[in-house]
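What follows is a short report on a single structure.
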Amino acid sequence: MTLSLFDQFSSPSFLGIPMILMALALPWLLIPTPTSRWLSNRVVSLQGWFIARFTNQLFLPLNVGGHKWAPLLASLMMFLLTLNMLGLMPYIFTPTTQLSLNLGLAVPLWLATVLIGMRNQPTHALGHFLPEGTPTALIPILIIMQTISLFIRPLALGVRLTANLTAGHLLIHLISSAVFVLMPMMPVVAILTAVLLLLLTMLEVAVAMIQAYVFILLLSLYLQENV
Amino acid sequence: MPQLNPAPWFMIFMFTWAIFLTILPPKVMAHTFPNEPSPQGMTTPKTAPWNWPWH
C-alpha cells in the first residue's frame, strides 16, 4: 500500500489550486435560493421546512435577546450538514475533517457568546463560575475548574467534529479494504463484512447529521448562558 | 496525521468565514414562511344592516 490510512485527510492540490477551496466553495450549488413565488420546488420546500423547524426547536429555550442569532446558527447548520454529508461520498474531500477549519469556526463563535455575556450582563455571566449552594471549602477549586471548562469549550467543539468525522472515515476505509482483501480468500466472510460496511455507512450518515447538530446545539447552549 | 496539520490555517479560516458569511445567510434568509390560515370564527359577526327605507 503506497498510501497510508491518513492520506485521505491530507488536503489535495490540483493545478496549484488547493482543493479545499473548491470543496468549500462549490457545495452551495446544491442549496437553491428560494424565490418570492408562492410555489417552489421540492428541494426548496424541504429545506425551508427543515430550516423553520430546526430554528424553532433550537431557539425555544433561549431568551428573546438571543433570537437574533437565528440566521447565523441556521446557516451554520446548513454549512456543516452539507459538508459532512458530501464528505461521505467517495473521492470527495471533507473540509470538516480539518482541525484548523473546525477550530476556526468554533473559536470565534464561542468568543462571541462569551463577549456578549461579559458586555451585557457580566454578573449573570460570571455567576456561572459558581453553582448555587456550593460548600465554602469547595469554592476556590470549583471556580478554577469552571474557568478551565470555559476555556476548553472551543477546543472541545472543534476537536469533537474533527475526531468524529475522522474516525468514521477511517472505519469505512478499513472495513472496505478488508472486504477487498477477504473477497478472494473467504467470500462468505467478505460478504458479511460488506453487510457490516453497509450498516457502518448508515451509521456514518447519522453521525454526519448528529455532529453538525451537536456543534450548533452546544453553541446555542453557550449562548443561552450569556444572553 | 494531515487533518491535524494547521498549515495554511489563516487561508482556510478566512475562506471558510467568507463562504459562510456571504453565500449561506442570503440562501437561508430567503425562505419565507407564510402563516397558517386561521379557521373561520364560530360566532356570527354582528353587523348593522342598512336597508333602503324609501323603497
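Miscellaneous remarks
- For the stretch A:17-36, a residue qualifies if it is small (Gly, Ala, Ser), within 10 Å of chain B (Cβ to nearest Cβ) and not in a loop (DSSP other than H, G, I, E, B), and exactly one does: A:ALA25.
- Counted residues, the stretch A:87-131 - those being of a type in the set (A, V, I, L, M, F, W, C), under 22 Å from B:PRO2 (Cβ atoms) and more than 14 Å from chain B (Cβ to nearest Cβ): 3
- Criterion (within 7 Å of chain B (Cβ to nearest Cβ), among the hydrophobic types (A, V, I, L, M, F, W, C) and open to solvent by 30 Å² or more (accessible area, probe 1.4 Å)) met by exactly one of A:PHE50, A:PHE79, A:PHE6, A:PHE14: A:PHE6
- Going through (1) within 29 Å of B:ASN5 (Cα to Cα); (2) over 23 Å from the mean Cα position of the chain (by Cα) one by one, A:LEU161 falls short only on (2).
- Residue list for the stretch A:171-213, filter: within 30 Å of A:LEU58 (Cα to Cα) and either among the aliphatic types (A, V, I, L, M) or exposed (fewer than 14 other Cβ atoms within 10 Å of the Cβ) (or both): A:LEU199, A:LEU200, A:MET202, A:LEU203, A:VAL205, A:ALA206, A:VAL207, A:ALA208, A:MET209, A:ILE210, A:ALA212
- Of all residues making up the stretch A:132-168, the number that are more than 14 Å from every other protein chain (Cβ to nearest Cβ) and under 30 Å from A:LEU199 (Cβ atoms): 2
- Among residues of the stretch B:8-39, those that are facing chain A (nearest Cβ under 7 Å), part of a helix (DSSP H, G or I) and open to solvent by 100 Å² or more (accessible area, probe 1.4 Å), counted: 2
The values are calculated or read from the model by the stated rules, or taken from the named source; none is laboratory data. Nothing here was measured: the structure is a model prediction, and the numbers come from that model. When we count neighbours, we look across all protein chains shown, and the Cβ atoms used for this are built from the backbone with ideal geometry, even at glycine. The protein model used for the area step is the full one, side chains on, heavy atoms only, and it has no ligands, DNA or RNA in it. Shrake-Rupley method; radii C 1.70, N 1.55, O 1.52, S 1.80 Å.
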